[in-house]
Amino acid sequence: MRALGIFLFVLCILCGGGQQALAAKRVALVIGNSAYQNVARLSNPVNDAAAVADMFKKATFDVVGLRDDLTNAEMRRALREFSDKSRDADIAVIYYAGHGIEVDGTNYLIPVDATIERDTDAYDEAIALERILQAVEPAKQLRLVILDACRDNPFARKMKRTVASRSLGRGLAGVEPNQPNTLVAFAAKGGSTASDGDSRNSPFTVALLKHLTTPGLEVRKAFGLVRDDVMAATGNRQEPFVYGSLGGNDVALVALPVAASGPRGKTAADVRQDYELAEKVGTREAWDSFVAAYPTGFYSDLAKAQRNKLAGERGREAMPAKAAAETAAPATDNAAKAPAQTLAALPPAADAAPRASKPADTELPRLLQVELKRVGCQTGEIDGIWGASSQRALTSFNRSAGTRFEVKVASLDALDAVRGKRGRICPLVCESGTKAVGETCVAVACKPGFARDDDNVCRRSERRARTQPMERGEDPRTRRQAPPRQPAAASQSGQMICDDHGCRPVSRGCRAADSRGPYQTEVCN
């Protein structure tokens, strides 16, 4: 039931937010043809295309393809690829700058390698506008084609008519798209030509850059502002025109940002109702969802207070269980484990703050060193510097406790994990020549006849008589031999124990015991 309540609450918020919560996918293809091979080069189309592509990118379109100086085959391939991208798009836009021509009522866009000597050559050498419309047809919400191609076309002046009655237009002919929600914008209305202007971009492109991607501006309103700017810039000689129709819903290429105060259209009563629903669910997840939907405001502040209150109650509930776990550890009287119990009994550092009050970054390494020392992992000094020794200690803890904390830095997560362990976690590591007995390292004695070499290994010893250096003039035949060394008096048990320093009697109340190596050890009750 709790999960169901959370789901209904989040669903209510999303539905209240309307379609603004869903970001429309927008794709654009921008083509600029300037370097014509068989007629004079155009200066502005490549510049116009670059500026328009940059405009779409700044408007965060999902796909923006910029193609310059396309041949016939390249242009057809670009349209085919863009048609695939339009299939799952909400808004698809194609912008073309370059030469265009109208032959017998049909508009064509001209690639840079076109050779058009007769009117019928346009069928093969150019791309029909209908093919452009097919590329944007899969889009769901808006299909937009923008043509800055109404220039005074040099192909038309040299072109021969194969049929005397076939018409050839100065600009492009007006069109009426067959598909709904489709607009075709001309730089100049049907039958007229457009100006390239005297600047880097044409007057039509300058106006597009100013108005088309204004956030929240309906697309038909945007083209109305473009028309006004172009007519003012050209002294009313050039009038852009838009063909096609849209439905009653406003469509903007760039939506207005969602208001930060809450879902769009929510009244104070709606906010209160959502607050009461979150209060009925009563979980942290419900309050998180409410705060995400309403980041600011009176009810948002109340929700944050409820969330903090819930976190405090959980902390108080966990304290008795933690205290009981700490007092449940049984005591032991085993003498071999006494050092370990002493080590485990060390309290955490007095100034170590609980996790709820985050310690300072400079204090965290020292606190973690103290805890690693308590569980037997820290062998170096506690100096508050997180160096190689501390990193080895945390590595040893990870290996023994099965954790994977980052060892290069001291973290709060690692501190909490080490604090939660009781007793020794890391095994006792003894130096060469010693072995672990309980919680301490003791030296290992060699058996009689063996001695420890420089590598702390017991090897069979060969005793040689020591000779004193002779004084000058002394006769070696008359030198008094040193009396042999008398063995030390044996203990009551009569046992002796030897190591690399010699032999000695076993202490009172103790006995000599064999070990696995050549050394003997002394065992006392």
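When every residue of the range 416-435 is checked against the conditions, none turns out to be of a type outside the set (V, I, T), free of Cβ contacts under 8 Å to residues at least 60 places away in the same chain and touching a Leu at 6+ places or on another chain (Cβ under 6 Å).
Residues checked against (1) part of a helix (DSSP H, G or I); (2) surrounded by 21 or more Cβ atoms within 10 Å (Cβ to Cβ); (3) among the charged types (D, E, K, R):
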position	(1), (2), (3)
T213	no, no, no
L225	yes, no, no
M231	yes, no, no
Y243	no, no, no
N249	no, no, no
L277	yes, no, no
K280	yes, no, yes
F290	yes, yes, no
P295	no, no, no
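The condition (being at pLDDT below 95 and surrounded by fewer than 21 Cβ atoms within 10 Å (Cβ to Cβ)) is satisfied by just one residue among A78, A50, A40: A40.
For the range 31-72, the set of residues classified as assigned to a helix (DSSP H, G or I) and touching a His at 6+ places or on another chain (Cβ under 9 Å) consists of P45 only. Looking at V230, V226, V254, just one residue is at pLDDT 85 or above and outside the structural domain of N178 (by TED's automatic domain parsing), and that residue is V254. If you check L209 against the conditions, is it surrounded by fewer than 21 Cβ atoms within 10 Å (Cβ to Cβ), assigned to a helix (DSSP H, G or I) and touching a residue at least 40 places away in the same chain (Cβ under 8 Å)? For L209, the condition - surrounded by fewer than 21 Cβ atoms within 10 Å (Cβ to Cβ), assigned to a helix (DSSP H, G or I) and touching a residue at least 40 places away in the same chain (Cβ under 8 Å) - is met. In the condition set (1) crowded, with 20+ Cβ neighbours inside 10 Å; (2) closer than 30 Å to C458 by Cα, S396 is compliant with all but (2).
Just one of (1) within 18 Å of T205 (Cβ to Cβ); (2) within 38 Å of the chain's Cα centre (by Cα); (3) touching a residue at least 60 places away in the same chain (Cβ under 8 Å) fails for A92. It is (1).
The values are calculated or read from the model by the stated rules, or taken from the named source; none is laboratory data. Keep in mind that this is a model prediction, so the values were computed, not measured. All Cβ positions, glycine included, derive from the backbone under ideal geometry; neighbour counts span all protein chains shown.
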